[in-house]
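What follows is a short report on a single structure.
Only the coordinates and a few stated rules stand behind these numbers; no lab work does. Keep in mind that this is a model prediction, so the values were computed, not measured. Neighbour counts run over all protein chains shown; Cβ positions are idealised from the backbone, glycine included.
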Amino acid sequence: MVQFTDGSIVYSTPPTKTSFFWTFPDGSPATSSVQNATTTFTSAGSKNVSLRVRDFSNFECTGLRSVSITLPLPEWREIIPF
């Protein structure tokens, strides 16, 4: 699971964020409408994650960031040969 944190700044009066919309390509869930979202990616590689934020004055802006996802190593245990 990957945690994303909203770092956007709004300049409306009052400076209030009213909505959030995250998109996660190949993520589960693929979208989220909470301020600080989490998702689990189903494959490794570069993913372009976007966040659209709307402010009190109804202006919105979208930011896009590329994140590099690596899958965890498989679990294994060593067995002593007979």
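Structure values in brief
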quantity: Relative contact order of the chain, pairs being alpha-carbon contacts under 8 Å that are 6 or more residues apart, as %; calculated: 29
quantity: Computed Kirkwood radius, in angstrom, where 1/r is averaged over Cα pairs of the chain; calculated: 14.6
quantity: Positive-end extreme of charge dipole, the chain - chosen from 37, 53, 24 (charges on Cβ); calculated: 53
quantity: By average C-beta atoms within 10 angstrom, highest first, the peptides 65-75, 47-57; calculated: 47-57, 65-75
quantity: Region 33-80 - convex hull of alpha carbons, volume per residue in Å³; calculated: 88
quantity: Gained length - residue 50 relative to residue 30, 0.36 nm times residue gap less alpha-carbon distance; calculated: 6.1 nm
